[in-house]
1. Relative to the longest principal Cα axis of the chain, at what angle does helix 342-357 sit, 0 to 90 degrees, rounded to 10?
2. Express in % the proportion of alpha carbon pairs of the chain at distances exceeding 36 Å.
3. Enter the angle in degrees (range 0 to 90, nearest 10) between the Cα long axis of helix 54-71 and the first principal axis of the Cα atoms of the chain, meaning the one along which they spread out most.
4. Quick one: divide the alpha-carbon radius of gyration of segment 268-448 by 2.2 N^0.38 Å and tell me what you get.
5. Test of understanding: ordering 93, 358 by Cβ neighbours within 10 Å, fewest first, what list do you get?
6. How high is the relative contact order of the chain, in percent, with contacts defined as C-alpha pairs under 8 Å that are six or more residues apart?
7. Can you give me the angle between helix 278-290 and the longest principal axis of the chain, using Cα atoms only, in degrees from 0 to 90, rounded to the nearest 10?
8. Could you line up 132, 85 from fewest to most neighbouring Cβ atoms inside 10 Å?
């Protein structure tokens, strides 16, 4: 594996624009302000990007509104070809984009390369879906009139993306929006704006018309985005982030009755039954827990393991997690990078300390790591009591709390005992039981004998306080389309009520 030199890091930073992208133009914030982008592995500033004002946000929405009038009429094949070119450009620049992501977010380079491929897959998928937008024609039930439906783009969209998957969460929204003929204003997380700015450069190079995509970076999201969400020109809001913030955005969006897609928090149960293939379960657990250092809404948050196999599962998982290398993401040996900031690291440690204080057994880890940056050692806890905060709150870190069950009914009750319902993982070999459990789980997604559910061609989303709407697959495209119905009197025979 290539050793990353300081010169290579600087080149990756120099290749990305750090100003706002509005109406096809790169320009500084109207107030001249900037905000620093920090390397979470060192705490040092990598670069600075523009700090947009409310006036910049208004200009971005105005550009999106103006562009929508013509972009909605662009041939579907042409929209698809733009996305296809963007996919090819991303794949040609995997290493450069991955390094940029690792620098600003912290994940190991191997994971960053994986995210670039995953992010690009949304452009490829929706490049193919752009030409499959259709309606239907049928004879009405009375036999006299006809029913015609057509699908049309929703309109200008507002996107707010998170820091944990800074490229993929952008393409997952922007890809279907472009395929449908929508325009958008995107506000990336303040911690990780560089990946989104790089995506904008790629779409610009791919031939996306001016104003279709607008990127505004800012230190204070609420001051910038609330006026746009309340603006009657906006027609859709899509947000990925915490449930707490999601509730606030839903309240704001209710004023204009915006279409909404809310991908919010999670508290994923990872169920291991006594007949599970433990080799498969441990591998799945490692993936479901340690992907992105545990900083994922789909991360396994609660390990609910049958009492007959809990001891062996815990020891095997602890051995694997304890053997991972914690280091800066540019280190070729790194398996685990830093958490995003000091607050995240300290919050994870509070949850671990609370669980141990309530009687949980520490098997491995349990403390911060490194002399600088925001690292935390991969941690396994056994016999975690039901009142521990780590079982109720989203951990967003490399911590695996294990609790046990004795019956199928108990396992399902424990899994559903949360306000969240994004994803669950289920490991078992009895297919009849597996289907009973899958039907009973209150989640939008399930990983059956596998530790990952993310797939550009599949609908991603949750239920309960994990939000609503779907991203990815055919269902993700529907989020950006309105259905128009036409009742047709063909004129040959009078239509009576």
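1. Around 50 degrees separate the two axes.
2. Above the 36 Å cut-off, the chain has 33 percent of its Cα pairs.
3. The angle comes out near 60 degrees.
4. Details: Rg = 15.5 Å, N = 181, 2.2 N^0.38 = 15.9 Å.
Against the compact-globule rule of thumb, the ratio is 0.98.
5. Going from least to most buried by this count: 358, 93.
6. That works out to 18 percent.
7. Around 60 degrees separate the two axes.
8. 132, 85
A short reminder: the numbers here are calculations on the coordinates, not readings from a lab. Because the structure is a prediction, the values reported are computed rather than measured. Cβ atoms come from the backbone with ideal geometry, glycine included; neighbour counts cover every protein chain shown.
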